[in-house]
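Report on the structure given below.
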Amino acid sequence: MISVWPIGNWALPLPKSSHGDWKCSRRCGGTLWVPPFHRTRPDLRQRTSYPDSIGLIRGYFTLSNPTRPDLAPLEVSALADSGAVHLCIPEHLAIQLSLAELERREMVLADGRRRTVPYVGPVEVRFGNRRCFTGAMVLGNEVLLGAIPMQDMDLVLRPQLQSVDVNPESPNIPLSVAKGFQQG
């Protein structure tokens, strides 16, 4: 849990002192730092902890191996993250779908560490009336749907409802944009 200042619909982290503690710690004199424009509002002086799940958007997707139609498709709950690029799946799903390792790729994780992981495929991803074919990084313990498969299926994230949905501007067929291409 991170200590934050609630300001409207936003939350700002409390500033840290030079030795890494929060400004309100005893080593810093026990004073709580308050931005000058909020000093008149006592409700902003209280530290608040928010659950880690705020802002996470999940959806149900079907994953399958198009080269193995004899294997049953798997319905999974996936974390949709527009900040991630690729589809990431746990190792047990790669084994269940009999996905072949195509190569190894280096990834930069959210914390900045680099890691070499297997890149497997092909994977067919389905959501509603949409589907795409992609490869997947074998990493983590849950399915992570990145920007490439979301763009390919023309999906949108709806933060107000914490859901994934088809693009309402093109509900019947996925829309792709190819700027600069001239048909001749």
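Data table
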item	result
Residues of the range 83-108 classified as in a loop (DSSP other than H, G, I, E, B) and either among the charged types (D, E, K, R) or farther than 11 Å from residue 144 by Cβ (or both), total	3
Tally, over the range 110-159, of residues that are within 19 Å of residue 90 (Cβ to Cβ) and in a loop (DSSP other than H, G, I, E, B)	8
Long-range neighbours under 7 Å by Cβ, at least six apart or interchain, first residue over 14 Å from residue 141 (Cα atoms) within the range 87-108, second of a type outside the set (Asp, Glu) and not in a strand (DSSP E or B)	97/65; 97/71; 98/65; 98/68; 98/71; 99/65; 107/139
So residue 117, is it of a type in the set (A, V, I, L, M, F, W, C), at pLDDT 95 or above, over 16 Å from the mean Cα position of the chain (by Cα) and farther than 20 Å from residue 66 by Cβ	yes
Residue that is touching a Gly at 6+ places or on another chain (Cβ under 8 Å) and hydroxyl-bearing (Ser, Thr, Tyr), where the choices are 134, 116	134
Residue identified as surrounded by 13 or more Cβ atoms within 10 Å (Cβ to Cβ), at pLDDT 95 or above and either among the small types (Gly, Ala, Ser) or outside the structural domain of residue 123 (by TED's automatic domain parsing) (or both) among 94, 72	94
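The values are calculated or read from the model by the stated rules, or taken from the named source; none is laboratory data. Because the structure is a prediction, the values reported are computed rather than measured. We place every Cβ from the backbone using ideal geometry, glycine too, and count neighbours over all the protein chains shown.
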